[in-house]
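See structure below.
Computed from the coordinates by the stated procedures, all read-outs in this text should not be read as laboratory data. This is a predicted model, so every value here is computed, not measured.
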Amino acid sequence: MTIEPILGGVCAPKGFLASGVHCGIRRNKSKLDLAMIVSKGICRVGCTFTQNKLKGAPILVTKEHVADGTAQAIICNSGNANTCNTNGIEIAEKMCLLAAESLNLQPSDIIVASTGVIGREMPIEPIASGIPLLSEGLRLDGSRDAAHGIMTTDTRAKEYAYSFKIGDKLCKIGAIAKGSGMIHPNMATMLAFLTTDVNIHQQMLQKAVSSVVDETFNMVSVDGDTSTNDMLVCMANGLAENKEISSEDESYDQFRRALYRICEDLSKEIAADGEGAKKLLTCRVKGSCCKETAKNVAKSVITSSLFKTAMFGADANWGRILCAIGYTEGDFDISAVGIELTSKSGSIIVCQNGNSVAFSEEKAKKILLEDSVVITIDMKNGTEEATAWGCDLTYDYVKINGDYRA
């Protein structure tokens with residue numbers, strides 16, 4: 001199956017419109033802070049949510065609204081998480097009501113999301129004034145504005161779309177996401193909104209979403225903190241008119257591959273855009289006895305602060321990598337492990353059989369100075385593999401989070 005990149009983001013699939021505006025939640029008038037995505041018809045929905053015990057009010061309201069497996073629109077604000085507010089549920093429900101009235105839908109058909117500062121009172125007035133502008137501004141090329149409307153400390157919009165075929169029907173999938181800080185592999189989707197015109201049964205959609213998130217977004221870490229507002233939503237309106245996907249057949253596999261492709265792209269983009277990050281780090285584990293151990297090892301390395309600071313300094317301190325592997329749960333022999341560092345400047349083996357090997361520090365530093373580095377770990381204990389994504393830990397991360405509320 002060929003999966004082709006296309007333009008349009010969340011508006012690429014048939015029947016979807018989007019928009020984004022500045023309504024006044026954020027002080028900076030040049031930054032959009034309210035976004036909307038709408039389908040022309042009711043959608044089947046697959047979702048995943050944060051595993052943090054503390055959940056933002058929008059998460060709780062959205063869970064109620066998608067309990068029947070359907071929705072038709074998304075309303076999302078940035079600049080305020082609407083978390084730990086006594087009237088948070090009321091505000092989230094009011095957002096849905098206002099969006100529904102502007103779109104002539106039922107409030108229960110609206111998905112609501114918020115991102116930003118936790119514990120700050122959430123005013124409804126800016127949102128109430130902004131929603132009419134959003135609904136009036138809905139358009140086929142509105143994905144980029146919507147992507148900007150959900151950003152917080154992100155330095156760039158995250159937007160992708162692909163086309164592929166199921167049978168003889170051309171299908172499309174699109175997405176926008178936000179995420180730069182408070183990102184850790186425990187759901188870790190931050191906010192991600194996906195649209196597709198594929199005709200798929202809700203249970204199959206949820207199955208695909210859950211499994212793909214576990215292999216992509218759950219393998220991303222920036223700073224070890226799991227957000228209170230993480231949410232991934234995939235809306236499928238069926239307008240591609242393919243035969244309904246109702247079982248794990250070839251059509252399901254084709255859809256899942258496209259879903260994986262777009263989620264992997266977003267995961268890498270989020271990791272690369274980590275707060276203050278200078279480089280994308282990819283940890284590939286191979287030769288593991290089982291998939292779970294491979295995933296655990298990749299996560300241990302990518303979340304190690306000592307490893308992340310070494311990568312910032314382009315220091316081939318491979319002992320920090322081996323240390324992170326060593327404290328990972330799983331049945332493996334640390335004395336068998338090998339480590340290789342790779343970038344566009346070349347590759348170098350820095351550890352074999354759990355021990356040091358002679359290597360050029362100069363060459364290693366050149367490799368690690370690139371903005372994308374791959375750490376390959378060979379467990380030499382089986383055939384299973386896993387990949388995790390993260391970023392280096394820099395001075396700027398502290399600066400950004402030291403005055404986040406300013």
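Is the C-alpha gyration tensor of region 147-302 telling us rounded, prolate or oblate? Criteria: a/c under 1.5 is rounded; beyond that, a/b larger than b/c is prolate, otherwise oblate.
Oblate is the answer for region 147-302, as a/c is 1.5 or above yet b/c matches or exceeds a/b.
Would you mind checking the pairs 207/243; 14/291; 40/165; 286/344; 53/207; 178/278 and listing those with alpha carbons more than 26 angstrom apart? Write out the running numbers ahead of the final one.
Values: 207/243 18 Å; 14/291 37 Å; 40/165 22 Å; 286/344 21 Å; 53/207 23 Å; 178/278 18 Å.
Cα-Cα > 26 Å for 14/291; rest within.
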Over the chain, what is the mean sequence separation of C-alpha contacts under 8 Å (at least six apart), divided by residue count, expressed as relative contact order in percent? 17 percent
The chain: angle of helix 202-215 to the longest principal axis, Cα-based, in degrees nearest 10: 30 degrees
Calculate how steeply helix 250-272 sits against the longest principal axis of the alpha-carbon atoms of the chain, using the helix alpha-carbon long axis, and give the answer as 0 to 90 degrees to the nearest 10. 70 degrees
Quick one: compute the contact order of region 27-176, relative version, from alpha carbon pairs under 8 angstrom and 6+ residues apart, as a percent. 27 percent
Once you sort the root eigenvalues of the Cα gyration tensor of region 280-402 as a ≥ b ≥ c, which label holds: rounded (a/c under 1.5), prolate (a/b larger than b/c) or oblate (the other case)? oblate
Treating the chain as a set of equal point scatterers at the Cα positions, no solvent, please give the Debye-formula log₁₀ I(q)/I(0) at q = 0.07, 0.08, 0.09 Å⁻¹. -0.33, -0.43, -0.54
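Which of the three applies to region 80-232, rounded, prolate or oblate, going by the alpha-carbon gyration tensor with a ≥ b ≥ c and a/c under 1.5 meaning rounded?
Values: a/c = 1.70, a/b = 1.18, b/c = 1.45.
Note, shape of region 80-232 comes out oblate.
So what's the back-of-envelope 222 nm ellipticity for the chain, counting only DSSP H runs of four-plus at -39500 (n - 2.57) apiece and dividing by all residues, rounded to 500?
Result for the chain: -9500 deg cm²/dmol, rounded to the nearest 500.
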